[in-house]
């Protein structure tokens, strides 16, 4: 385990990064690479020097695991579904489906059979990833340290790469349906002549609309990441306090996260549905002002 508070914090907040270091690179242990090598970063500096083409193994692994748990739970409920007295799992799944279906009906104003399943997937998947925060902060990173791993971060949504990956998928769908519903010409015209329907204001309109379009994935990713990362930092700082103080602060903070974790999944889902609803709306434009 880490010997100082700084090393402890770094171990819990640094991702397990796998990437490529160039030939001649001097590693943290003093060794020099004879050739370019794919390896696990031993320090934050090595992770940074690996550049863009590096993989956060902990984020990818836990994300895939939570996705697999989601699929297995809902598949098991679907296979065991009965018109008689439902079991606990069927009750839980039906409540989730009905809840998300109600949100989509109230929020989405187009016609698209994909939106409800997409919203359900986002809500449950993000909730499961967020819920890893309920595991005591030292358990998984401590086990990783015993296995000789230099760093480990358990919560995928506390990694901006994880949240930006989710929001990028949503952004691609926004662009796809904007073009599919309105046509490329209609979508371009919407960007060029909204909010001011005049040729002279096209550059200003484009600046506003493209900026607004780009802020959608940014707001999705940063809101989720900021809340989860800040919560993780507080848990780690509490863990550094004396044992009797930890319980005084840890319990109320954990109770608070009972609300935060599902709330952030709900917000991510609702904003996704709202953005996709906007992408399906084809307002058209009146004749251009002279």
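Every number in this text was worked out from the coordinates using simple rules, so none of it is lab data. All values derive from a computational prediction rather than experimental measurement. Every residue, glycine as well, gets a Cβ built from its backbone with ideal geometry; the counts of neighbours run over all protein chains shown.
Quick notes
- As a rough footprinting exposure proxy, the listed residues 266, 127 were ranked by other beta carbons within 10 Å of their own, and the order from fewest upward is 266, 127.
- Taking 37, 272, 17 and counting other C-beta atoms within 10 Å, the order from fewest to most: 37, 17, 272
- The angle between the Cα long axis of helix 202-239 and the main principal axis of the chain comes to about 30°, on a 0 to 90 degree scale.
- Over all pairs of different C-alpha atoms, the chain has a mean inverse distance whose reciprocal, the Kirkwood radius, equals 22.0 Å.
- For the peptides 129-137, 79-87, 224-232, residues were scored by their other Cβ atoms within 10 Å and the scores averaged per peptide; the highest-first order is 224-232, 129-137, 79-87.
- Degrees, to the nearest 10: 115-131 long Cα axis against longest axis of the chain: 20 degrees
- Rel. contact order, % - alpha carbon contacts under 8 angstrom, at least six apart, segment 57-280: 31 percent
- Panel order for 214, 33, 21, by other beta carbons found within 10 Å of each beta carbon, from fewest to most: 214, 33, 21.
- The long axis of helix 160-192 is offset from the longest Cα principal axis of the chain by roughly 10 degrees.
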